[in-house]
Amino acid sequence: MFDAIIVGAGFAGLYMLHRLRGMGLTARVYEAGGDVGGTWYWNRYPGARCDVESLAYSYSFSEELQQEWEWTDRYPTQPEILRYIGHVADRFDLRRDIRFERRVESARFDEAECLWQVRTDQGDQVRAPFCIMATGCLSVPLEPDLPGLADFTGGIYRTNLWPHEAVHFGGRRVGIFGTGSTGIQSIPVIADEAAQLTVFQRTANFSIPAMNAPLDPEFVREFKARYPEHRAHQRLGLSMGSGDLEVVARDRKPALSTAESAPQEEIDRVCKAYWSRGGAHFMTSIGDLMSNEASNRRVADFVRARIRAIVNDPATAEALCPTTHPIGTKRICVDTNYYDTYNRSNVHLIDLRKHPVKAIEPGGVRLADRFVELDDLVLATGFDAMTGALLRMDIRGLGGRRLKQAWREGPRTYLGLMVPDFPNLFTVTGPGSPSVLSNMVVSIEQNVNFIADILGHMREQGYRSIRAKPEAEAAWTAQVNRLANATLYPKGGSWYLGANVEGKPRVFMPYVGGVGAYRKACEAVAAENYRGFDFQRSPPALSSPSGTQGA
Ligand code: NA7
């Protein structure tokens, strides 16, 4: 028996384990992968890189750790992040409490004992008063709806399940589906190696150049000397707060409050400056970019003009210009040489909206008007985001109520951390928290610390159970929706909204208010004796008005 069971050994699970240990609590971690790393364990595709800058995408909890680790580039590659997280696991001796290659299949709350019973696919069964889901926001790959895919006789490579051994595309004709962040990162790298690369694009996406480069040792030295200050800025970051290190510290205000009525030269000047600085920080250039459609359109026009300027063939450039959604409402992509890649003679773009796929055949892709012969297929077709990993498990709370049932109309949480009928069950960076709209490591540390503080409070007060009050969940969920609806985000048809999964309720899942506002909300809750949470010294009883039996 442990004090807590943690599901997942990525950034969230590892830090949760470290915090619990520091409090003298025992925990067992179950991880489906063969090692630590979470998303960085699985996503080994060519070009995989974080779109948040290295010096920001790292833990802040240990001064020694952040001083000793040396990053090489402005943006870290997947192998480098994996080495970093492996180093963290070793440095804090975390592996001994982790069981790898075990996927948690079910978690059931035993009301009489006030214990979570967790079962894995390998037959492990453990019990603990607390269960903490550190299962990641993008960890359930989506199988694309491509008829005949199983008949393809060449290699099929899924970016999010990429083989551990090297894959060679030299001399081969490769096709790729998916032009989200993953496709956009891998296309230039695969194009460098493959004889031919055909990109099958369903939706054109906005991408900003990363302007990646090796880190200057002098910059790193100065940055590290002021790490606490930088971390403080990151913790109060902007809602799109990816990677904006030096900028966050210097000028936290957008360069222009609106682009709607600004002179064209002014928009060009500001957008060019942000474009050449590189990265997702581009999205913070204009104050009302995510709330004013006219303003958004002018910035989108700037990016479309850049695409037309980079891509030589006018028809290809036009097909690459996104027109289906306001910029930023699908996650902004950050690339190295993405648009330039279409100037290569070995790269071809197929616009699936004009040339739909009829079927995948053994030797290639049959379109309505042609056949594309292929040796290999790469699928960069996304994830069942945010709720996928939680709902894939059979989670049952009070009265046997299933999480699937509680979330049948979309996820509802209090602070993204708890669901009323599921006492003592926490979700790290769950729906309703800033999560994917923020630097994940910053959000993970904040959530984990908040959960650890709650457990400390419970121990001090002799409480055995905690649950979110239904009215607190309702109010928080309404706020999450209200904030999202005041922005352009819901217009994006994105995975933020569940729009990439057939039948998934269309609910905007992350909290758009930013990590600063969210942190303040959590601090206010804690200061008011954990307002909205109900603590009990005895096992909880089913009392929620919504507490129906499992469906
Ligand atoms: P995304 O952003 O969900 O992108 C998936 C892409 O795959 C997107 O372009 C989809 O087009 C495309 N897709 C999905 N199914 C199909 C089919 N059947 N045919 C053609 N194209 C298809 O996932 P990523 O892995 O790129 O990025 C996810 C996040 O991971 C990223 O934001 C980072 O945070 C890390 P669609 O737009 O649906 O038309």
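The values are calculated or read from the model by the stated rules, or taken from the named source; none is laboratory data. In this text, all values refer to a predicted model and were calculated from it rather than measured experimentally. Glycine gets a Cβ as well: all are built from the backbone with ideal geometry, and neighbour counts include every protein chain shown.
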For this session: Kindly provide the set of residues from the stretch 329-346 that are among the basic types (Lys, Arg) and either outside any loop (DSSP other than H, G, I, E, B) or buried (at least 21 other Cβ atoms within 10 Å of the Cβ) (or both), ordered by number.
Result: Lys330, Arg331
For this session: Could you run through the stretch 476-489 and say how many residues are outside any loop (DSSP other than H, G, I, E, B) and in contact (Cβ under 8 Å) with a residue 40 or more places away in the chain?
Result: 4
Exercise. Given (1) surrounded by fewer than 22 Cβ atoms within 10 Å (Cβ to Cβ); (2) touching a Pro at 6+ places or on another chain (Cβ under 9 Å), where does Arg19 come up short, assuming only one miss?
Worked result: (2)
Problem set entry | In the stretch 338-367, residue farthest from Arg308 (Cα to Cα) [restricted to those that are within 16 Å of the ligand (Cβ to nearest atom) and acidic (Asp, Glu)] | Glu361
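Looking only at the stretch 467-500, which residues are small (Gly, Ala, Ser) and within 16 Å of the ligand (Cβ to nearest atom)?
Start the filter on the stretch 467-500 by keeping residues that are small (Gly, Ala, Ser), which leaves 468, 472, 474-475, 478, 484, 486, 492-494, 498-499.
Listed by number, the residues that qualify are Gly492, Gly493, Ser494, Gly498, Ala499.
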Exercise. Given (1) polar (S, T, N, Q); (2) surrounded by fewer than 16 Cβ atoms within 10 Å (Cβ to Cβ); (3) assigned to a loop (DSSP other than H, G, I, E, B), where does Gln67 come up short, assuming only one miss?
Worked result: (3)
For this session: Could you please tell me which pairs satisfy a Cβ distance under 7 Å, a separation of 6+ or placement on different chains, a first residue in the stretch 366-392 that is farther than 21 Å from Gly183 by Cβ, and a second residue that is within 11 Å of the ligand (Cβ to nearest atom)?
Result: Ala368/Pro356; Ala389/Gly136; Ala389/Ser139
For this session: Look at Pro326 and say whether it is touching a residue at least 40 places away in the same chain (Cβ under 8 Å), assigned to a loop (DSSP other than H, G, I, E, B) and either within 12 Å of the ligand (Cβ to nearest atom) or of a type in the set (Lys, Arg) (or both).
Result: no
Exercise. Could you say whether any residue in the stretch 424-438 is more than 16 Å from the ligand (Cβ to nearest atom), more than 21 Å from Ile5 (Cβ to Cβ) and buried (at least 23 other Cβ atoms within 10 Å of the Cβ)?
Worked result: yes
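Taking into account only those residues within the stretch 125-173 that are small (Gly, Ala, Ser) and assigned to a loop (DSSP other than H, G, I, E, B), which is nearest to Gly388 (Cα to Cα)? Talk me through it step by step, then tell me what you get.
The first filter runs over the stretch 125-173 and keeps only residues small (Gly, Ala, Ser), leaving 128, 134, 136, 139, 148, 150, 154-155, 166, 170-171.
Retained after the next criterion (residues that are assigned to a loop (DSSP other than H, G, I, E, B)): 134, 136, 139, 148, 154, 166, 171.
Working: Ala134: 13, Gly136: 9, Ser139: 8, Gly148: 25, Gly154: 29, Ala166: 29, Gly171: 37 Å.
Applying the filter and picking the extreme gives Ser139.
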For this session: For residues that are under 26 Å from Asp301 (Cβ atoms) and in contact with a Pro (Cβ under 7 Å, 6 or more places away or on another chain), scanning just the stretch 163-212, find the one that is nearest to the ligand (Cβ to nearest atom).
Result: Asn205
Problem set entry | Whichever residue in the stretch 368-402 is among the hydrophobic types (A, V, I, L, M, F, W, C) and within 12 Å of the ligand (Cβ to nearest atom) and, among such residues, is nearest to Ser465 (Cα to Cα) | Met386
For this session: Being modelled with pLDDT under 95 and surrounded by fewer than 21 Cβ atoms within 10 Å (Cβ to Cβ) narrows it down to one of Ala368, Ala359, so name that one.
Result: Ala368
For this session: Determine if the stretch 145-162 includes at least one residue that is within 16 Å of the ligand (Cβ to nearest atom), basic (Lys, Arg) and outside the structural domain of Gly363 (by TED's automatic domain parsing).
Result: yes
